[in-house]
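Report on the following structure.
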Amino acid sequence: MKGYFLFAPDEQGDVGPESGVERKVRSQHQALMRYVPCELLVLDPPVYKGTMAEKVLRRLPYTAAWRKWKYHGEFDDADYVYIRLVYHDQAFVRYLKSIRRHNPNIKLLYELPTYPFEPSGKQSLGSLPFQLKRNKALQSVLDQMDRLVTFYGQEEIHGIRCINLINGYDFSRVELPERTMDTAIHVISVALTSFWHGYDRFLSGLADYYEHGGKENIIYHYVGSVIPEHETFVKQHHLEEHVIFHGKQSGEPLKTLMSQSFIGIDVLGGHRKNYPVSSSLKSREYCAYGIPMITSSPIDFLPKDSPYQFLAPYDDSPVDIDGVVKFYHDLYDDRDCNKIAKEIRSYAEACCDMRNTMKPVSDWLKENVAK
(Lines give C-alpha, C1' and ligand atoms only; values in the text may rest on other atoms or scores of the structure.)
Protein backbone atom coordinates (compact mmCIF):
# COMPACT_ATOMS: atom_id res chain seq x y z
CA MET A 1 0.00 0.00 0.00
CA LYS A 2 1.22 3.49 -0.82
CA GLY A 3 -0.51 6.65 0.32
CA TYR A 4 -0.21 10.37 0.77
CA PHE A 5 -1.50 13.01 3.18
CA LEU A 6 -2.02 16.20 1.16
CA PHE A 7 -2.16 19.54 3.00
CA ALA A 8 -2.61 22.59 0.76
CA PRO A 9 -2.96 25.70 2.96
CA ASP A 10 -4.54 28.83 1.49
CA GLU A 11 -2.93 31.32 3.87
CA GLN A 12 0.53 31.94 5.34
CA GLY A 13 -0.88 31.73 8.86
CA ASP A 14 -1.81 28.07 8.34
CA VAL A 15 1.82 26.94 8.04
CA GLY A 16 4.93 27.15 10.17
CA PRO A 17 5.91 26.16 13.71
CA GLU A 18 3.38 28.57 15.29
CA SER A 19 0.45 27.30 13.23
CA GLY A 20 -2.02 25.13 15.12
CA VAL A 21 -3.38 23.90 11.78
CA GLU A 22 -0.03 22.57 10.60
CA ARG A 23 0.74 21.08 14.02
CA LYS A 24 -2.52 19.16 13.85
CA VAL A 25 -1.84 18.00 10.29
CA ARG A 26 1.59 16.70 11.25
CA SER A 27 0.15 14.93 14.30
CA GLN A 28 -2.54 13.32 12.16
CA HIS A 29 0.07 12.19 9.67
CA GLN A 30 2.28 10.68 12.37
CA ALA A 31 -0.72 8.87 13.85
CA LEU A 32 -1.82 7.50 10.48
CA MET A 33 1.70 6.23 9.77
CA ARG A 34 1.44 3.99 12.84
CA TYR A 35 -1.07 1.90 10.90
CA VAL A 36 -0.54 2.40 7.16
CA PRO A 37 2.19 3.77 4.86
CA CYS A 38 1.68 7.50 4.39
CA GLU A 39 3.84 10.30 2.96
CA LEU A 40 3.11 13.90 3.94
CA LEU A 41 2.94 16.60 1.24
CA VAL A 42 2.67 20.18 2.52
CA LEU A 43 2.27 22.65 -0.33
CA ASP A 44 3.42 26.25 -0.06
CA PRO A 45 0.65 28.81 0.45
CA PRO A 46 -0.18 30.87 -2.64
CA VAL A 47 1.48 34.25 -3.04
CA TYR A 48 -0.58 37.19 -4.28
CA LYS A 49 0.60 40.42 -5.87
CA GLY A 50 -2.59 42.23 -4.91
CA THR A 51 -3.14 43.85 -8.30
CA MET A 52 -6.64 44.85 -9.38
CA ALA A 53 -6.50 42.43 -12.32
CA GLU A 54 -5.62 39.57 -9.96
CA LYS A 55 -8.45 40.47 -7.58
CA VAL A 56 -10.96 40.49 -10.44
CA LEU A 57 -9.72 37.24 -11.99
CA ARG A 58 -9.87 35.36 -8.67
CA ARG A 59 -13.54 36.27 -8.34
CA LEU A 60 -14.65 35.07 -11.77
CA PRO A 61 -16.69 31.81 -11.74
CA TYR A 62 -14.25 29.36 -13.37
CA THR A 63 -10.82 30.82 -12.57
CA ALA A 64 -8.62 29.66 -9.66
CA ALA A 65 -9.62 31.52 -6.50
CA TRP A 66 -6.62 30.58 -4.36
CA ARG A 67 -4.40 27.96 -5.89
CA LYS A 68 -3.73 27.23 -9.58
CA TRP A 69 -4.01 23.47 -9.32
CA LYS A 70 -1.94 21.53 -11.88
CA TYR A 71 -1.52 17.76 -11.84
CA HIS A 72 1.98 16.48 -12.60
CA GLY A 73 1.51 12.75 -12.00
CA GLU A 74 2.46 12.88 -8.31
CA PHE A 75 -0.21 10.31 -7.36
CA ASP A 76 0.01 7.98 -10.36
CA ASP A 77 1.49 5.23 -8.15
CA ALA A 78 -0.65 5.92 -5.06
CA ASP A 79 -3.30 3.68 -3.56
CA TYR A 80 -4.89 6.54 -1.64
CA VAL A 81 -4.67 10.26 -0.89
CA TYR A 82 -5.98 11.80 2.32
CA ILE A 83 -6.77 15.47 1.63
CA ARG A 84 -7.04 18.06 4.40
CA LEU A 85 -9.80 20.55 3.50
CA VAL A 86 -8.71 23.18 1.03
CA TYR A 87 -10.75 25.92 -0.60
CA HIS A 88 -12.54 24.09 -3.38
CA ASP A 89 -13.32 25.70 -6.71
CA GLN A 90 -13.43 24.57 -10.32
CA ALA A 91 -9.61 24.54 -10.49
CA PHE A 92 -9.59 21.98 -7.68
CA VAL A 93 -12.33 19.97 -9.41
CA ARG A 94 -10.19 19.78 -12.56
CA TYR A 95 -7.22 18.66 -10.46
CA LEU A 96 -9.21 15.84 -8.87
CA LYS A 97 -10.49 14.68 -12.24
CA SER A 98 -6.91 14.57 -13.53
CA ILE A 99 -5.92 12.34 -10.61
CA ARG A 100 -8.83 10.01 -11.38
CA ARG A 101 -8.01 9.95 -15.10
CA HIS A 102 -4.38 8.99 -14.47
CA ASN A 103 -5.11 6.58 -11.61
CA PRO A 104 -8.68 5.18 -11.80
CA ASN A 105 -8.20 2.82 -8.84
CA ILE A 106 -7.02 5.44 -6.34
CA LYS A 107 -9.03 6.06 -3.17
CA LEU A 108 -9.60 9.71 -2.28
CA LEU A 109 -10.52 10.76 1.26
CA TYR A 110 -11.44 14.36 2.03
CA GLU A 111 -11.37 15.79 5.56
CA LEU A 112 -13.96 18.44 6.36
CA PRO A 113 -12.90 20.08 9.65
CA THR A 114 -16.17 22.04 9.70
CA TYR A 115 -19.48 21.38 8.01
CA PRO A 116 -21.69 23.02 6.90
CA PHE A 117 -19.42 25.73 5.53
CA GLU A 118 -20.63 28.88 7.23
CA PRO A 119 -18.70 32.17 7.12
CA SER A 120 -17.38 33.57 10.41
CA GLY A 121 -18.60 37.06 11.25
CA LYS A 122 -19.84 39.73 8.92
CA GLN A 123 -18.90 39.12 5.29
CA SER A 124 -17.96 41.87 2.88
CA LEU A 125 -19.47 42.18 -0.55
CA GLY A 126 -16.05 41.34 -1.99
CA SER A 127 -16.05 37.92 -0.29
CA LEU A 128 -19.40 36.89 -1.82
CA PRO A 129 -17.88 35.64 -5.13
CA PHE A 130 -15.59 33.28 -3.18
CA GLN A 131 -18.54 31.85 -1.26
CA LEU A 132 -20.50 31.35 -4.48
CA LYS A 133 -17.53 29.66 -6.18
CA ARG A 134 -17.04 27.29 -3.28
CA ASN A 135 -20.72 26.41 -3.07
CA LYS A 136 -20.91 25.79 -6.81
CA ALA A 137 -17.88 23.48 -6.73
CA LEU A 138 -18.97 21.53 -3.64
CA GLN A 139 -20.94 18.71 -5.27
CA SER A 140 -18.37 18.26 -8.05
CA VAL A 141 -15.60 17.94 -5.46
CA LEU A 142 -17.52 15.48 -3.31
CA ASP A 143 -18.44 13.37 -6.33
CA GLN A 144 -14.73 12.60 -6.75
CA MET A 145 -14.36 11.31 -3.18
CA ASP A 146 -14.61 7.75 -1.90
CA ARG A 147 -15.11 8.89 1.69
CA LEU A 148 -15.46 12.12 3.66
CA VAL A 149 -13.86 12.45 7.08
CA THR A 150 -15.99 14.51 9.48
CA PHE A 151 -16.19 15.38 13.18
CA TYR A 152 -19.90 15.98 13.77
CA GLY A 153 -21.47 12.55 13.35
CA GLN A 154 -22.79 12.79 9.77
CA GLU A 155 -23.46 9.45 8.10
CA GLU A 156 -23.25 11.02 4.67
CA ILE A 157 -22.97 14.43 3.03
CA HIS A 158 -24.42 15.06 -0.42
CA GLY A 159 -24.65 11.30 -0.94
CA ILE A 160 -21.03 10.56 0.04
CA ARG A 161 -20.46 8.25 3.00
CA CYS A 162 -18.52 9.61 5.99
CA ILE A 163 -15.88 8.28 8.36
CA ASN A 164 -16.58 9.89 11.72
CA LEU A 165 -13.75 10.98 14.00
CA ILE A 166 -13.39 13.17 17.03
CA ASN A 167 -10.68 15.79 16.99
CA GLY A 168 -7.48 14.24 18.26
CA TYR A 169 -4.51 15.80 19.99
CA ASP A 170 -0.85 14.92 20.38
CA PHE A 171 -0.60 14.89 24.17
CA SER A 172 3.12 14.17 24.02
CA ARG A 173 3.59 17.84 23.06
CA VAL A 174 2.58 19.04 26.54
CA GLU A 175 4.21 18.13 29.83
CA LEU A 176 1.73 18.39 32.70
CA PRO A 177 3.00 21.24 34.91
CA GLU A 178 3.11 21.35 38.68
CA ARG A 179 0.52 23.85 39.96
CA THR A 180 0.21 26.05 43.02
CA MET A 181 -3.13 27.51 44.06
CA ASP A 182 -3.50 31.29 44.26
CA THR A 183 -5.93 33.47 46.18
CA ALA A 184 -7.21 34.73 42.81
CA ILE A 185 -9.22 32.63 40.34
CA HIS A 186 -7.18 32.57 37.12
CA VAL A 187 -9.18 32.01 33.91
CA ILE A 188 -7.64 31.80 30.42
CA SER A 189 -8.75 31.89 26.79
CA VAL A 190 -6.37 31.30 23.87
CA ALA A 191 -7.47 31.91 20.28
CA LEU A 192 -7.23 33.83 17.07
CA THR A 193 -10.31 35.51 18.41
CA SER A 194 -13.52 35.70 16.37
CA PHE A 195 -17.05 36.71 17.32
CA TRP A 196 -18.09 33.07 17.54
CA HIS A 197 -15.67 32.41 20.39
CA GLY A 198 -18.15 34.40 22.49
CA TYR A 199 -15.63 35.93 24.89
CA ASP A 200 -17.84 39.03 25.09
CA ARG A 201 -20.23 36.87 27.13
CA PHE A 202 -17.56 36.26 29.77
CA LEU A 203 -16.60 39.94 29.86
CA SER A 204 -20.27 40.90 30.25
CA GLY A 205 -20.58 38.37 33.06
CA LEU A 206 -17.55 39.87 34.83
CA ALA A 207 -19.02 43.36 34.55
CA ASP A 208 -22.34 42.18 36.03
CA TYR A 209 -20.55 40.28 38.79
CA TYR A 210 -18.57 43.25 40.04
CA GLU A 211 -21.37 45.77 39.53
CA HIS A 212 -23.48 43.62 41.87
CA GLY A 213 -20.82 43.41 44.58
CA GLY A 214 -18.82 40.32 43.57
CA LYS A 215 -15.98 39.67 46.04
CA GLU A 216 -13.77 37.04 44.40
CA ASN A 217 -10.63 38.26 42.65
CA ILE A 218 -11.00 36.84 39.14
CA ILE A 219 -8.09 37.33 36.72
CA TYR A 220 -8.98 36.68 33.08
CA HIS A 221 -5.95 36.04 30.86
CA TYR A 222 -7.12 36.93 27.34
CA VAL A 223 -4.45 35.41 25.09
CA GLY A 224 -4.33 35.82 21.32
CA SER A 225 -5.66 38.36 18.88
CA VAL A 226 -7.93 40.95 20.50
CA ILE A 227 -11.28 42.20 19.26
CA PRO A 228 -11.10 46.01 19.71
CA GLU A 229 -14.62 46.17 21.14
CA HIS A 230 -13.49 43.90 23.96
CA GLU A 231 -10.74 46.34 24.98
CA THR A 232 -13.24 49.18 24.87
CA PHE A 233 -15.70 47.22 27.02
CA VAL A 234 -13.04 46.49 29.65
CA LYS A 235 -12.18 50.18 29.94
CA GLN A 236 -15.81 51.29 30.02
CA HIS A 237 -16.60 48.88 32.86
CA HIS A 238 -13.33 49.45 34.76
CA LEU A 239 -12.23 45.81 34.52
CA GLU A 240 -8.55 46.55 33.94
CA GLU A 241 -7.56 44.83 37.21
CA HIS A 242 -9.42 41.67 36.18
CA VAL A 243 -8.72 41.34 32.44
CA ILE A 244 -5.19 41.11 31.03
CA PHE A 245 -4.75 41.27 27.25
CA HIS A 246 -1.57 39.29 26.60
CA GLY A 247 -1.67 39.33 22.81
CA LYS A 248 -0.39 36.35 20.83
CA GLN A 249 1.78 34.00 22.88
CA SER A 250 3.59 30.75 22.16
CA GLY A 251 6.35 28.58 23.57
CA GLU A 252 7.41 29.12 27.18
CA PRO A 253 5.36 32.31 27.77
CA LEU A 254 2.17 30.48 26.75
CA LYS A 255 3.12 27.44 28.81
CA THR A 256 3.61 29.69 31.87
CA LEU A 257 0.18 31.27 31.42
CA MET A 258 -1.49 27.87 31.01
CA SER A 259 0.31 26.59 34.09
CA GLN A 260 -1.00 29.52 36.16
CA SER A 261 -4.62 29.08 35.02
CA PHE A 262 -7.26 26.90 36.65
CA ILE A 263 -10.19 27.37 34.26
CA GLY A 264 -10.09 27.57 30.45
CA ILE A 265 -12.70 29.17 28.21
CA ASP A 266 -13.58 27.01 25.23
CA VAL A 267 -16.40 28.19 22.94
CA LEU A 268 -19.12 30.51 24.26
CA GLY A 269 -20.58 31.45 20.89
CA GLY A 270 -21.22 28.08 19.27
CA HIS A 271 -24.81 29.17 18.58
CA ARG A 272 -23.40 31.91 16.35
CA LYS A 273 -22.05 29.24 13.99
CA ASN A 274 -24.61 26.52 14.71
CA TYR A 275 -22.13 24.32 16.60
CA PRO A 276 -24.15 22.59 19.34
CA VAL A 277 -21.17 20.39 20.31
CA SER A 278 -17.53 21.45 20.66
CA SER A 279 -14.73 19.34 19.25
CA SER A 280 -12.26 22.22 19.35
CA LEU A 281 -8.55 21.61 19.50
CA LYS A 282 -8.39 24.18 22.29
CA SER A 283 -10.51 21.94 24.53
CA ARG A 284 -7.93 19.18 24.06
CA GLU A 285 -5.06 21.54 24.82
CA TYR A 286 -6.72 22.72 28.04
CA CYS A 287 -7.10 19.08 29.06
CA ALA A 288 -3.48 18.36 28.20
CA TYR A 289 -2.60 21.00 30.81
CA GLY A 290 -5.18 19.58 33.22
CA ILE A 291 -7.50 22.60 33.04
CA PRO A 292 -11.32 22.31 33.38
CA MET A 293 -13.43 24.37 30.98
CA ILE A 294 -16.29 26.81 30.54
CA THR A 295 -18.28 26.21 27.35
CA SER A 296 -21.75 26.71 25.91
CA SER A 297 -21.31 23.86 23.41
CA PRO A 298 -20.74 20.65 25.41
CA ILE A 299 -17.30 19.11 24.85
CA ASP A 300 -17.82 16.06 22.63
CA PHE A 301 -15.88 13.55 24.73
CA LEU A 302 -17.17 14.68 28.16
CA PRO A 303 -20.49 13.67 29.74
CA LYS A 304 -22.78 16.69 30.10
CA ASP A 305 -22.66 16.32 33.88
CA SER A 306 -18.86 16.11 33.94
CA PRO A 307 -17.29 17.98 36.87
CA TYR A 308 -14.64 19.22 34.44
CA GLN A 309 -16.92 21.47 32.39
CA PHE A 310 -19.18 24.39 33.28
CA LEU A 311 -22.04 24.64 30.79
CA ALA A 312 -23.21 28.17 30.02
CA PRO A 313 -26.52 28.68 28.19
CA TYR A 314 -26.45 28.25 24.41
CA ASP A 315 -27.29 31.89 23.73
CA ASP A 316 -25.90 35.44 24.02
CA SER A 317 -26.60 35.94 27.72
CA PRO A 318 -23.73 37.02 30.02
CA VAL A 319 -21.91 34.12 31.68
CA ASP A 320 -23.09 33.53 35.26
CA ILE A 321 -19.87 34.33 37.12
CA ASP A 322 -21.42 33.34 40.46
CA GLY A 323 -21.91 29.92 38.90
CA VAL A 324 -18.32 29.89 37.66
CA VAL A 325 -17.05 30.74 41.16
CA LYS A 326 -19.11 27.87 42.59
CA PHE A 327 -17.77 25.55 39.85
CA TYR A 328 -14.22 26.53 40.83
CA HIS A 329 -14.70 25.95 44.56
CA ASP A 330 -16.66 22.72 44.11
CA LEU A 331 -13.78 21.35 42.06
CA TYR A 332 -10.75 22.62 43.98
CA ASP A 333 -11.66 23.26 47.62
CA ASP A 334 -10.00 20.76 49.97
CA ARG A 335 -8.50 18.84 47.05
CA ASP A 336 -5.03 18.56 45.53
CA CYS A 337 -5.05 20.70 42.36
CA ASN A 338 -2.31 18.58 40.79
CA LYS A 339 -4.30 15.41 41.32
CA ILE A 340 -7.29 17.05 39.62
CA ALA A 341 -5.09 18.07 36.69
CA LYS A 342 -3.86 14.48 36.31
CA GLU A 343 -7.46 13.19 36.35
CA ILE A 344 -8.47 15.60 33.58
CA ARG A 345 -5.41 14.82 31.50
CA SER A 346 -5.77 11.04 31.84
CA TYR A 347 -9.45 11.05 30.91
CA ALA A 348 -8.88 13.24 27.83
CA GLU A 349 -5.84 11.26 26.72
CA ALA A 350 -7.80 8.01 26.76
CA CYS A 351 -10.51 9.59 24.58
CA CYS A 352 -8.63 11.98 22.31
CA ASP A 353 -5.06 10.86 21.78
CA MET A 354 -4.40 11.29 18.07
CA ARG A 355 -3.13 7.72 17.79
CA ASN A 356 -6.61 6.49 18.68
CA THR A 357 -8.71 9.06 16.84
CA MET A 358 -7.14 8.38 13.41
CA LYS A 359 -7.60 4.61 13.62
CA PRO A 360 -11.05 4.56 11.87
CA VAL A 361 -9.35 6.03 8.79
CA SER A 362 -6.65 3.37 8.76
CA ASP A 363 -9.26 0.64 9.35
CA TRP A 364 -11.21 1.79 6.29
CA LEU A 365 -8.05 1.94 4.18
CA LYS A 366 -7.00 -1.56 5.19
CA GLU A 367 -10.42 -2.90 4.21
CA ASN A 368 -10.80 -1.01 0.93
CA VAL A 369 -7.33 -0.53 -0.56
CA ALA A 370 -5.75 -3.34 -2.52
CA LYS A 371 -2.74 -4.79 -0.76
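In Å², and per residue, what accessible area does the chain have when probed at 1.4 Å with the other protein chains present?
On a per-residue basis, the chain sits at 47 Å².
For Ser194, put the label point 7 Å out on the Cα→Cβ axis and report which residues of region 157-174 keep their amide N under 18 Å from it.
Under 18 Å, as judged by backbone N against the label point of Ser194, lie 167 of region 157-174.
Could I get the Rg over Rh figure for region 65-199? Both from C-alpha atoms, Rh via Kirkwood, rounded to two places.
Numbers: Rg = 19.7 Å, Rh = 18.1 Å.
My calculation puts Rg/Rh at 1.09.
Between Lys49 and Glu175, what length comes free when the chain is fully extended (0.36 nm per residue of separation minus the Cα-Cα distance, one decimal in nm)? Show your work: numbers first, answer last.
Working: separation 126, 0.36 × 126 = 45.36 nm, distance 4.22 nm.
My answer for the length gained is 41.1 nm.
Net charge near Ala64, counting Lys/Arg +1 and Asp/Glu -1 over other residues with Cβ under 12 Å of its Cβ? Provide the component values of the computation, followed by the final result.
Working: positive: Arg58, Arg59, Arg67, Lys68, Lys70, Arg94, Lys133; negative: Asp10, Glu54, Asp89.
Result for the local shell: +4.
So for region 65-218, averaging the separation of alpha carbon pairs under 8 Å that are six or more residues apart and normalising by length, what relative contact order in percent results?
RCO, region 65-218: 19 percent.
Of the beta bridges DSSP finds with both residues in the chain, what % are antiparallel, to the nearest 5?
5 percent
Under the rule of -39500 (n - 2.57) per DSSP H run of 4 or more residues, summed and divided by the residues of the chain, what mean residue ellipticity at 222 nm is obtained, to the nearest 500 deg cm²/dmol?
-11000 deg cm²/dmol
Per 10 Å bin, what is the whole-percent P(r) computed from every C-alpha pair distance within region 296-346?
All Cα pairs considered, the percentages come to 23, 48, 26, 3.
On full extension of the chain, what length is gained from Thr114 through Tyr347, given 0.36 nm per residue of separation minus the C-alpha to C-alpha distance?
Here the answer is 81.4 nm.
Below 8 Å between Cα atoms, with a sequence gap of 6+, how large is the relative contact order for region 43-91 in percent? Show your work: numbers first, answer last.
Working: 23 pairs, mean separation 18.5, N = 49.
Reported relative contact order: 38 percent.
Computed on alpha carbon atoms, what radius of gyration and Dmax characterise region 263-316, expressed in Å?
For region 263-316, the Cα radius of gyration and maximum Cα-Cα distance read 10.0, 28 Å.
Per residue Cα convex hull volume for region 15-141, in cubic angstrom?
138 Å³
For helix 251-260, what angle does its Cα long axis make with the longest principal axis of the chain, in degrees from 0 to 90 and rounded to 10?
Helix 251-260 and the main axis of the chain meet at about 40 degrees.
Given a cut-off of 29 Å, name the pairs among Lys24/Lys133; Lys24/Lys273; Lys107/Lys273; Lys70/Lys107; Lys97/Lys273 whose C-alpha atoms lie farther apart than that in the structure shown.
Those over the limit are Lys107/Lys273; Lys97/Lys273.
May I ask you to list the residues of region 67-88 whose amide nitrogen lies under 18 Å from a point 7 Å from Cα along the Cα→beta-carbon direction of Gln131?
87-88, by backbone N distance to the label point.
On full extension of the chain, what length is gained from Asp305 through Leu40, given 0.36 nm per residue of separation minus the C-alpha to C-alpha distance?
91.4 nm
Okay, which of region 163-184 sit inside 13 Å, backbone N to the point 7 Å along the Cα-Cβ direction of Thr256?
none
In degrees from 0 to 90, rounded to the nearest 10, what is the angle of the helix 20-33 Cα long axis to the longest principal axis of the chain?
60 degrees
Inverting the mean 1/r over all pairs of different Cα atoms, compute the Kirkwood radius of the chain and quote it in Å.
Hydrodynamic radius (Kirkwood, Cα pairs) of the chain is 22.4 Å.
Among residues other than Trp364 whose Cβ falls under 11 Å from its Cβ, what is the net charge (Lys/Arg +1, Asp/Glu -1)? Write down the numbers at each step before the final one.
Details: positive: Lys107, Arg147, Arg161, Lys359, Lys366; negative: Asp146, Asp363, Glu367.
Around Trp364, the surrounding residues sum to +2.
Under a straight-distance cross-link criterion of Cα-Cα below 22 Å, which lysines are reachable from Lys326, leaving out those fewer than 8 residues away in the same chain?
Lys215, Lys304, Lys339, Lys342
Pick from Pro298, Pro313, Pro228: which is most flexible by mean-square fluctuation in a GNM of the chain where alpha carbon atoms under 10 Å apart are linked?
Among Pro298, Pro313, Pro228, the largest GNM mean-square fluctuation belongs to Pro228.
At a 1.4 Å probe radius, which order do Thr232, Thr183 fall into by accessible area, largest first?
Largest to smallest exposure gives the sequence Thr183, Thr232.
The values are calculated or read from the model by the stated rules, or taken from the named source; none is laboratory data. Worth saying up front: this structure is predicted, and the values here are computed from it rather than measured. Cβ atoms come from the backbone with ideal geometry, glycine included; neighbour counts cover every protein chain shown. All accessible areas refer to the heavy atoms of the entire protein, side chains included, with ligands and DNA or RNA removed. Shrake-Rupley method; radii C 1.70, N 1.55, O 1.52, S 1.80 Å.
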